[in-house]
Amino acid sequence: MKDLRIKKHPILGEAKFGKKITIFVDGKKFSAYEGEMIASALYAKGIRKLRATSKFKEPRGIFCAIGRCTDCVMTVNGVPNIRTCITPVQSGMRVKTQKGLGKWKK
Amino acid sequence: MEEVMVVGGGPAGLCAAIESARYGVKVILIDENDMPGGQLFKQIHRFFGSAQHRAGIRGYDIGNSLLSESEKLGVRVLLNTVVWGIFQDNFLGIKTEKETKILQAKKIVVGTGALENPLAFPGWTLPGVMGAGAAQTMMNIQRVLPGKRILMIGSGNVGLIVSYQLLQAGAKVVALVEALPKISGYLVHAAKISRAGVQILTSHTIVKADGKGEVKKAVIAKIDENFKMIKGTEKEIKVDLVCIAVGLRPLDELCWMAGCQFTYIPSLGGFIPLHSRDMETTVSGIYVAGDVSGIEEASTAIEEGKLAGIAIAESLGYISKKEAEEKKELSWESLRELRLGSFGEGRQKTKDLILKQYNSLHKM
């Protein structure tokens, strides 16, 4: 399966990824490395659509990657509108593709 | 009451904190991220300029040396902390992971940096269209290749350098389009990617990005001198990532909220808070440094941060006017050097204009 992680880099050298952990993306088991941001862990495996807009259900993904534009928000552990480009993965975390403004877990 | 609070731990904020702490000022540096350094850590290229401006040193090495210096000087750093508001008499509203509170400081430095400009075209909201800086963060910090076949929009230094870094990371930059009839950034960078096989197309633009659910292709076309597309020149290219490098704008919300006076200078990124030679805004006790005071480079941000730091140490009585003047003169001289040449001259002029407007308000 494709993995876009850059293991070797001519300037930065060998990548030091953290411990391999399991998170859940839309209910499915998903492998990531400690220290990675949610959005980049997903992107590495080809998941680029992170949410759908409220009105037109258009796909959105990473745009600024520094937590400013909010295009990458998803529902994380039941909390909607989490900026996944600056939120690190945690073992057992539940990440959900967000529809519109999302819903708080009751 | 705190002595100094610095908002933003990039090169400007770090240097403001370091410089004032050097003279004994108690500084709190606040940053939203889990590590200070701002965008320095994704700059894997060697900086330009002269040795005195750390030319030849890669951005992340500068970042590391600033971090260790601030640590040595005892700068208190609050990470994962968002500044959500600024109020009269130098109150800052902050939110940590656990709580929200209000802090007051004698002096505040706003070193919030900048945000990349978007560019609207059909398909620009598709996943697979992102800022060039975003792509840089992805590959150099996150170590994830943002795309395999890339279309870069914009031939300024960001577009040129990020194109090169994409090549270094193993991607193919299919084309770089520039709406102007000539390359905007340093020719040395353009030559480098050109030699590596990237075609740089001036007087070209993106017509659309396309693909079901994410970018799969893009259409580019030639444009005339009025920036209108020339019919029949459209060309479809297979790409999975479109990068936008069309400039930045200051992240100046806190300055607006504080009631600072602004001026509008498109070449510096738009609305710019007026500031003195000491980097103080029109609101007494609130300073700016780095991109928030006009889009430039990390090297100028470092000097502006220093200036704010020295000026603060002086006004809090930690150093004499004479000593401060001597130190500031070094930074002013350094800034003058950084703003020389065909690329720097324009910035020097606009910065002079800002100073003139500031001084006319203060009738100095």
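Quick notes on this one:
- Hits in the stretch B:166-176 - residues which are surrounded by fewer than 24 Cβ atoms within 10 Å (Cβ to Cβ) and either more than 13 Å from chain A (Cβ to nearest Cβ) or not in a loop (DSSP other than H, G, I, E, B) (or both): B:Leu167, B:Gln168, B:Lys172, B:Val174, B:Ala175
- Verdict on A:Asp3 being outside any strand (DSSP E or B), within 26 Å of B:Asp31 (Cβ to Cβ) and among the acidic types (Asp, Glu): no
- Take the conditions (1) in a loop (DSSP other than H, G, I, E, B); (2) free of Cβ contacts under 8 Å to residues at least 60 places away in the same chain; A:Ala41 misses just one of them, which is (1).
- Set side by side, the residues B:Leu73, B:Leu92, B:Leu67 differ, and just one is more than 20 Å from A:Ile66 (Cα to Cα), away from chain A (no Cβ under 14 Å), out of contact with any Lys or Arg (no Cβ under 7 Å at 6 or more places or on another chain) and of a type outside the set (Ser, Thr, Tyr), which is B:Leu92.
- Residue in the stretch B:226-241 that is more than 26 Å from B:Phe47 (Cβ to Cβ), in contact (Cβ under 8 Å) with a residue 60 or more places away in the chain and charged (D, E, K, R) present: yes
- The single condition among (1) under 23 Å from B:Asn90 (Cα atoms); (2) out of contact with any Pro (no Cβ under 9 Å at 6 or more places or on another chain) that B:Gly10 does not meet is (2).
- Unique residue being at the interface with another protein chain (Cβ under 8 Å from one of its Cβ atoms), of a type in the set (Val, Ile, Thr) and under 10 Å from the mean Cα position of the chain (by Cα) when the list is A:Ile66, A:Ile38, A:Ile11, A:Ile86: A:Ile86
- Criterion violated by A:Phe24 - all others in (1) crowded, with 16+ Cβ neighbours inside 10 Å; (2) hydrophobic (A, V, I, L, M, F, W, C); (3) not in a loop (DSSP other than H, G, I, E, B) satisfied: (1)
- Single unsatisfied condition, B:Ser360 versus (1) in contact (Cβ under 8 Å) with a residue 40 or more places away in the chain; (2) under 16 Å from B:Thr263 (Cα atoms): (1)
- Test: B:Leu160 is within 14 Å of chain A (Cβ to nearest Cβ) and not in a loop (DSSP other than H, G, I, E, B): no
- The single residue among B:Gly74, B:Gly111, B:Gly85 that is in contact with a helix residue (DSSP H, G or I) (Cβ under 8 Å, 6 or more places away or on another chain), in the same structural domain as B:Glu297 (by TED's automatic domain parsing), among the small types (Gly, Ala, Ser) and under 15 Å from B:Asn33 (Cβ atoms) turns out to be B:Gly111.
- In the set B:Ala308, B:Ala289, B:Ala324, B:Ala298, only one residue is assigned by TED's automatic domain parsing to the domain that holds B:Leu92, surrounded by 13 or more Cβ atoms within 10 Å (Cβ to Cβ), in contact with a helix residue (DSSP H, G or I) (Cβ under 7 Å, 6 or more places away or on another chain) and at pLDDT below 95; that residue is B:Ala298.
- Selection count, the stretch A:68-105, where residues are assigned to a loop (DSSP other than H, G, I, E, B), free of Cβ contacts under 8 Å to residues at least 60 places away in the same chain and more than 20 Å from A:Tyr33 (Cβ to Cβ): 11
- Some residue of the stretch B:60-69 being surrounded by 13 or more Cβ atoms within 10 Å (Cβ to Cβ), over 20 Å from the mean Cα position of the chain (by Cα), in contact (Cβ under 8 Å) with a residue 12 or more places away in the chain and closer than 14 Å to B:Ile28 by Cβ: no
- Tally of residues being in contact with a Lys or Arg (Cβ under 9 Å, 6 or more places away or on another chain) and within 8 Å of chain A (Cβ to nearest Cβ) across the stretch B:107-137: 8
- Residue within the stretch B:93-108 that is aliphatic (A, V, I, L, M), assigned by TED's automatic domain parsing to the domain that holds B:Lys222, crowded, with 24+ Cβ neighbours inside 10 Å and in a strand (DSSP E or B) present: no
- B:Pro11 being out of contact with any Cys (no Cβ under 9 Å at 6 or more places or on another chain) and closer than 15 Å to B:Leu307 by Cα: yes
- Restricting B:Arg347, B:Arg277, B:Arg339 to residues that are among the basic types (Lys, Arg), at pLDDT 95 or above and over 17 Å from B:Tyr23 (Cα atoms) narrows the list to B:Arg277.
- Qualifying residue in the stretch B:20-31 (condition: within 14 Å of chain A (Cβ to nearest Cβ), surrounded by fewer than 19 Cβ atoms within 10 Å (Cβ to Cβ) and under 22 Å from the mean Cα position of the chain (by Cα)): no
- Applying the criterion of being part of a loop (DSSP other than H, G, I, E, B) and out of contact with any strand residue (DSSP E or B) (no Cβ under 9 Å at 6 or more places or on another chain) to the residues of the stretch A:6-21, the residue that is nearest to A:Lys96 (Cα to Cα) is A:Lys16.
The values are calculated or read from the model by the stated rules, or taken from the named source; none is laboratory data. The structure displayed is predicted, hence computed values, not measured ones. Quick reminder, even Gly has a Cβ in these numbers, built from the backbone with ideal geometry, and neighbours come from all protein chains shown.
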